[in-house]
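A quick write-up on the structure given underneath.
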Amino acid sequence: FSGWNSLSRVDVVESSGPVSWSLSPHATTPPPPQSLIVIDGDAATPVIERRGRPHELAFLDDSLSSAAAQAFRPPRTLVIGSGGGIDVLTALRHGAAQVDAVEVNPLIAELVSSGRYAKLGGQVFADPRVQLHVEDGRSFTRRSADRYDLIQLSLIDTWAASMAGAYSLSEGYLYTVEAFSDYLGHLTPEGVLSMTRWLGSPPRESLRVSAVASLALERRGISDPGACVVVLQLGRLANTLVKSTPFSSAELEALRGVAQRRGFSFIHLPGARADNDISRFLRAADRSAFLADYPAQVDPTTDDAP
């Protein structure tokens, strides 16, 4: 399949090789066959080919973005940028009773919910626990009256056009301080925001996530944002988990268990000292000075300067 709309070009590669960049090298269960939705010729989201085989979704637990779902089994999940449905499947696998899936691109939403790839993907968007919303994730969150135990964003934007320069000056409002305030304001008291981005060397995208999260938490009256943030790593990816309150010892122990089983490592864990830029930033007495001296521009973005 190939198609265009006002947002992007969308291609589907059938029977593609499995997307494995987000899976632990220690995984013992190979991923099932996949078709790949490719956006603007580069960014991709897989459609898992469901054939009713036992344990065919066990590989999801080896994905870095699944850490919060595994550790906390949140009953109500919001997936922003649902794409081919992999984060939706993860939420359902770990006991979610309600999943709001938000996809901004109507062409992708149609392909996986009622089009030619709906049956291939096991009709996940027809599951009575799942509600698909075709709109911008930030707008949906802001107007929603619901509260969630997990809000998930996993590499959801296409970088292909930006790398080509076409959209290098286009604004993005999913990763601003005000956006994080919207997400945190729609969590239950013990809810978690999970955001997966590329790490980089030195860290750039994921350090900026921590910087944005820290300022959003400070604006909510949190004096020690580092106690409310956990950052896990798998290869080139970092998964940042943010709460409105400090992580409890039981929650940290649950995350340690997941990391040990799946081969994830910790970049930042409250109460532990790690020698890396992200953890040093989160522990810094003067975070603004840390960012001012940093070799990359990773200071927090806002709606006025997205």
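Collect the residues in segment 82-120 that are at pLDDT below 95, open to solvent by 10 Å² or more (accessible area, probe 1.4 Å) and in contact with an Asp or Glu (Cβ under 7 Å, 6 or more places away or on another chain), keeping them in residue-number order. Scanning segment 82-120 gives VAL104, LEU120.
Which members of segment 121-168 meet the condition of being of a type in the set (S, T, N, Q), surrounded by fewer than 21 Cβ atoms within 10 Å (Cβ to Cβ) and modelled with pLDDT of 90 or more?
First, pick out the residues of segment 121-168 that are of a type in the set (S, T, N, Q): 123, 131, 139, 141, 144, 152, 154, 158, 162, 168.
Then keep just the ones that are surrounded by fewer than 21 Cβ atoms within 10 Å (Cβ to Cβ); that gives 123, 131, 139, 144, 162, 168.
Answer for segment 121-168, where residues must be of a type in the set (S, T, N, Q), surrounded by fewer than 21 Cβ atoms within 10 Å (Cβ to Cβ) and modelled with pLDDT of 90 or more: GLN123, GLN131, SER139, SER144.
Among the residues of segment 230-239, at least one is more than 17 Å from PRO270 (Cβ to Cβ) and crowded, with 24+ Cβ neighbours inside 10 Å. Among residues of segment 17-43 that are more than 23 Å from ALA67 (Cα to Cα) and part of a loop (DSSP other than H, G, I, E, B), those with a Cβ under 9 angstrom from a residue that is modelled with pLDDT of 85 or more and among the basic types (Lys, Arg), sequence gap 6+ or separate chain, pair up as ASP40/ARG9; GLY41/ARG9. So the check is Cβ under 8 Å with 6+ separation or different chains; which pairs have a first residue in segment 254-273 that's in contact (Cβ under 8 Å) with a residue 60 or more places away in the chain and under 14 Å from LYS243 (Cβ atoms) and a second one that's surrounded by 12 or more Cβ atoms within 10 Å (Cβ to Cβ) and β-branched (Val, Ile, Thr)? From segment 254-273, the pairs are LEU255/VAL230.
Of everything in segment 44-73, what is in a loop (DSSP other than H, G, I, E, B), open to solvent by 50 Å² or more (accessible area, probe 1.4 Å) and in contact with a helix residue (DSSP H, G or I) (Cβ under 9 Å, 6 or more places away or on another chain)? Give them in sequence order. Write out each step before concluding.
The initial filter retains those residues of segment 44-73 that are in a loop (DSSP other than H, G, I, E, B), namely 49-57, 73.
Narrowing the set further to residues that are open to solvent by 50 Å² or more (accessible area, probe 1.4 Å) leaves 50-55, 73.
ARG50, the sole residue that qualifies.
The values are calculated or read from the model by the stated rules, or taken from the named source; none is laboratory data. What you see is a predicted model, and the numbers here were worked out from it, not measured in a lab. So basically every Cβ, Gly included, is an ideal-geometry build from the backbone, and we count neighbours across all protein chains shown. Just the protein is used for accessible areas: all its heavy atoms, side chains included, with ligands, DNA and RNA removed. Shrake-Rupley method; radii C 1.70, N 1.55, O 1.52, S 1.80 Å.
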